[in-house]
Amino acid sequence: MVHSHAGSSFLDDEEPLISGRGAHHEATFDITAMIDLVFMLNIFFLVTTVVAIEAELDLPIVRHCVATDPDDAVIISLVAPDPQNVTVYLGDGVHAVGLTDREDQSKEVHQAVEEASRAGKHIVLLKAERAVKLRDVKRIGAAAMRDITGMELRMAVIEKE
């Protein structure tokens, strides 16, 4: 059918020569469930890591040991009045005056070990209550043995009745 209107094309009312493509559907992927799973795994690993870090380490009972001669050793006792603090006593057991400041502990322990070394003693015995954290035992042990040669470091656990 041909129209003769002025200014209009004869193709206005007809179908286009090239048909348009059908509706184009984009592929979608709902990742909401995967995001939820990743967050749950993160929470799981955080919780288990914290629990693993704070877990108590049960060491095996010593079956064969040699007693340390107290005359040949400088003895340092570590007591934990509360879980966050450690009190250090220079000598065997709890005395009237204990060291509570971390800087004083390191300095006094090192001086005591130096004096014991000059006096001919060759063993440093750290006696710690079960409640004393390993990091505090390591800190005091490192302070005791810093720049000291010829001394042997031994450790013991003080059991409370």
**Request:** Would you kindly calculate the translational diffusion coefficient of the stretch 70-158, applying Stokes-Einstein with the Kirkwood radius from alpha carbon pairs, for 25 °C and a viscosity of 0.890 mPa s, and quote it in µm² s⁻¹ without decimals?
**Result:** 193
**Prompt:** Relative to the present Cα-Cα distance, how much length would full extension add between Arg146 and Phe45 at 0.36 nm per residue of separation?
**Reply:** 32.6 nm
**Prompt:** For Ala27 and Asp69 in the same chain, what is the full-extension length gain: residue separation times 0.36 nm, less their Cα-Cα distance, in nm?
**Reply:** 7.2 nm
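Only the coordinates and a few stated rules stand behind these numbers; no lab work does. Quick caveat: nothing in here was measured; it's all calculated off a predicted structure.
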